[in-house]
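Colleague: Questions regarding the structure given below will be posed in turn.
The values are calculated or read from the model by the stated rules, or taken from the named source; none is laboratory data. All values reported here derive from a predicted model rather than from experimental measurement. We place every Cβ from the backbone using ideal geometry, glycine too, and count neighbours over all the protein chains shown. All accessible areas refer to the heavy atoms of the entire protein, side chains included, with ligands and DNA or RNA removed. Shrake-Rupley method; radii C 1.70, N 1.55, O 1.52, S 1.80 Å.
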Amino acid sequence: MCRSIKTLRPPTTPEVTDEDIRAAALQYVRKVSGFRAPAAHNREVFDQAVEAVAAATQDLLDGLQIRGSAARERAHP
């Protein structure tokens, strides 16, 4: 769907910043809405959607359990 959204989960991306998450959320909302930049009357709902998608993305990344990651952390503190 959004080819420019990169994978954010470890180990593919070891360090994910808030900016990475927001950029992915912005790309998703742009794709779904069909607007690169919304008109003034749609700005609030557009921005709310970006924040909601960013929060959901953070929740997802925080909750993922990656096989072998605990073993790697113990081996490489």
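Colleague: Just to be sure before I move on: is THR57 surrounded by 12 or more Cβ atoms within 10 Å (Cβ to Cβ), in contact with a helix residue (DSSP H, G or I) (Cβ under 9 Å, 6 or more places away or on another chain) and either of a type in the set (Lys, Arg) or at pLDDT below 85 (or both) in the structure I sent?
Modeller: no
Colleague: Keeping to the stretch 26-52, report how many residues are under 17 Å from ILE5 (Cβ atoms) and open to solvent by 90 Å² or more (accessible area, probe 1.4 Å).
Modeller: 6
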